[in-house]
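Enquirer: Okay, handing you the structure first.
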Amino acid sequence: MPEQSSPQPKRIAIIPGDGIGKEVIPEVVKVMKAAVSAGSRELSIVEFDWGADRYLRDGTTLPLDAVEMFRRDFDAILLGALGDARIPDNRHGADILMGLRFRLDLYANVRPCTLLDRRLTPLRDRDENDIQFTVIRENTEGSYVGMGGFFKKGTADEIATQEDVNTRKGVERILRFAYEYARKHGRKRVCMSDKSNALAYGHDLWRRTFAAVRGDYPEIESSHMYIDNLLMQMVRDPSQFEVIVTCNMFGDIASDVGAQLAGGLGLAPSGNIHPGQVSMFEPVHGSAPQIAGKGIANPMGAVLAAAMMLSHLGLTGEARRMETAVRAAIAEGQTTADLGGSLATRAAGDWLVRRVESA
C-alpha cells in the first residue's frame, strides 16, 4: 500500500494586540500546542506585532496586503485584544479589528454563553443546565459600519448622525447561519430579536426576512422577542434560550449580558466567522488596561476562543482537551483571582498545559 501522508499543519495567525492580550496569548499558545501535540497533530503559528506599540512606533495598523495574505496563507486568526490609553481614539484598534471583520466579510459573530460551574453565575438557583445558549450577532452591518457624520461639531448647534445599515442579503445570511448552527449543534430553538416596534424600517426588514426564512427549518422552534424583553428574559429564565440571533449592536449587548450570566467576560470566547473562509477568534474581555502588566489577567476566555478555533478547523478532539482543562481548573480552584483562585496568569497557563498533557 502507498504510504499515506500526514495532514498538513493548520496555519494560525496570532495577533496578541494590546494590554492583557500580550499576557494571555502566550499562555494560550502553550495550551494550544500541548493539546495539538497530545493529539499527534501540528500547528504552524505566525505572530504579528500589530497593536498600539507598533502604531506608535511607525504608524502601522492593518497593512494593505494583510487581508489577501490571510486569505492566501492562513486557516484562522487568533486575536488577543486591542485598545490602549495612549491612543484615545483607538484608531489602530478599529482599523485592525473592524478592518478584518469587514474586509474578510466575517459576517457571523458567534458567542457561546455556557455556564461551566454553577458557583460562577450571579443568578440564584441556576445551574449548568440552565445557561447553555449561543448569541449569533450580525457582524458586518447595522450601527457599527461607521456611516454618519457631524455638522457644526463642537458648537451648541452640533448635529451627529449615525446610520443603521441593514440589507436583505446580510439579514438573510445571518438568519440562515443561525438555523444551520442550531442544526449542526443539535439545538431545537432559535429566537430572533429586533426592535421593529420602534425601528420601523431596518428592523421591519428583519421581521419580514425572518418570516420567510423560518419556514425552511420546520423542525426548529422559532420565536421572536423585542431586544428589551429578550434581555429581561435572559436574566429571568436563561434556560428558555438555545440560539439567539440579532443585529450587530443588539448582539454586542446581549452577548455581554450572557457572558456575565455564565461567569464573566474573563471566560467568554467568540468567533468571527465566514463559513469556508479564513475566520478570526478572540476572547470578549478586551485589553483591560487597568490590570495590564500586573500578571493577574485570566487566560481562560482566550483559551476557550482558541478551542473554538480548533473545533472550527476540525480539530475537535484537541479543542475538547482544552475545554475539559478549563472546566477542571475551575472545579479545582486553579484559577486567577477573578474566579476565586490565587494563580498568576502564567501559572494558570502552566496548570492548563499540565492538565491537557495528562488527559
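Enquirer: Which shape class, rounded, prolate or oblate, goes with the range 107-267 when its Cα gyration tensor gives a ≥ b ≥ c as root eigenvalues, a/c under 1.5 marks rounded, and past that a/b bigger than b/c marks prolate?
Expert: Oblate shape, in that a/c is at least 1.5 and b/c is the bigger or equal ratio.
Enquirer: Considering the options Thr140, Ala85, Val29, tell which one lies farthest towards the positive end of the dipole of the range 24-167, charges being +1 on Lys and Arg and -1 on Asp and Glu at the Cβ, about the Cα centre.
Expert: Highest projection toward the positive end goes to Val29.
Enquirer: Then there is this: Sorting check: for 83-96, 110-123, which peptide has the highest mean count of neighbouring beta carbons within 10 Å, and how do the rest follow?
Expert: Peptide ranking by packing, descending: 110-123, 83-96.
Enquirer: 222 nm [θ] for the chain, helices only, -39500 (n - 2.57) per DSSP H run of 4+, per residue, to 500?
Expert: The per-residue figure over the chain is -11500 deg cm²/dmol.
Enquirer: Using modelled amide H (1.01 Å from N, peptide plane; none on Pro or chain starts), what sits under 5 Å from the amide H of Ser44, excluding residues fewer than 5 places away?
Expert: Amide H neighbours of Ser44: Lys10, Arg11, Ile12.
Enquirer: Taking the Cβ of Gly51 as the center, what net charge do the other residues with Cβ under 14 Å away carry, scoring Lys and Arg +1 and Asp and Glu -1?
Expert: For residues surrounding Gly51, the net value is -4.
Enquirer: Given Lys10/Lys294; Lys169/Lys195; Lys22/Lys184; Lys152/Lys195, which pairs have Cα atoms separated by over 26 Å?
Expert: Table pairs above 26 Å Cα-Cα are Lys10/Lys294; Lys22/Lys184; Lys152/Lys195.
Enquirer: Charges only on Cβ, +1 for Lys and Arg, -1 for Asp and Glu: so what's the dipole of the range 54-138 about the Cα centre, in debye to the nearest 20?
Expert: Dipole about the Cα centre, nearest 20: 200 debye.
Enquirer: Arranged by the count of other C-beta atoms within 10 angstrom, fewest first, what order do Lys33, Lys152 take?
Expert: The order, fewest Cβ neighbours first, is Lys152, Lys33.
Enquirer: Roughly how far apart, in whole Å, are the Cα centres of the range 134-163 and the range 198-223?
Expert: 25
Enquirer: Considering only the other residues whose Cβ falls under 12 Å of the Cβ of Glu128, what net charge follows from Lys and Arg at +1 and Asp and Glu at -1?
Expert: That works out to +1.
Enquirer: Please report, in debye to the nearest 20, how large the charge dipole of the chain is about its Cα centre when each Lys and Arg carries +1 at its beta carbon and each Asp and Glu carries -1 there.
Expert: For this selection, approximately 440 debye.
Throughout, read-outs are computed from the coordinates displayed, never taken from laboratory work. All of these numbers come straight from a predicted model, not from anything done at the bench. FYI the Cβ positions are ideal-geometry reconstructions off the backbone, even for glycines, and counts take in every protein chain you see.
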